[in-house]
Amino acid sequence: RPGVCQLARECGAVVFHSPISFAADGSDNPNRNLGILAGCDNDSLFTAGTWNADICDSMTPQVGDIVVKGKKGLDAFPGTNLEALLRA
């Protein structure tokens with residue numbers, strides 16, 4: 001049974017992926033002392049270059065998908081290339 005991304009592709013939609021990752025020292029985490037982002041910092045979650053920052057196998061980007069770069073918070077717009085990708 002196809003997943004939601006595959007169904008979207010089959011309908012002609014472009015699938016965007018917006019993975020989050022942080023430097024090993026957490027220095028690029030904009031809210032490292034607040035809420036869920038504090039948990040990311042405290043537990044070294046989504047550390048760039050490690051398995052826990054990878055997109056999971058079932059959501060691996062496919063040909064034609066777009067991967068947003070630079071996400072450091074819960075919103076996919078601040079500090080990323082998302083707006084430019086949407087305008088392209």
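The values are calculated or read from the model by the stated rules, or taken from the named source; none is laboratory data. Note that the structure is a prediction, hence the values are computed from the model and not measured. Here the Cβ is made from the backbone with ideal geometry for all residues, glycine too, and neighbour counts use every protein chain on show. In case anyone asks, the SASA skips ligands and DNA or RNA and just uses the protein heavy atoms, side chains included. Shrake-Rupley method; radii C 1.70, N 1.55, O 1.52, S 1.80 Å.
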If we sort 69-75, 51-57 on the protection proxy, mean other Cβ atoms within 10 Å, highest first, what's the order? 69-75, 51-57
So for the chain, taking the charge dipole from beta-carbon charges (+1 Lys/Arg, -1 Asp/Glu), which of Leu74, Thr47, Gly64 sits furthest toward the positive end? Gly64
Computed over the chain, the relative contact order (Cα-Cα under 8 Å, seq sep at least six) in percent reads 31 percent
Return one whole number: the accessible area per residue of the chain in Å², for a 1.4 Å probe. 68 Å²
Charge dipole (debye, nearest 20) of the chain; +1 at Cβ of Lys and Arg, -1 at Cβ of Asp and Glu: 240 debye
Between beta-carbons, use under 10 Å as the cut-off and find the net charge around Asn29, counting Lys and Arg +1, Asp and Glu -1. -1
How much of the accessible area of the chain, in percent, comes from carbon and sulfur atoms when a 1.4 Å probe is used? 57 percent
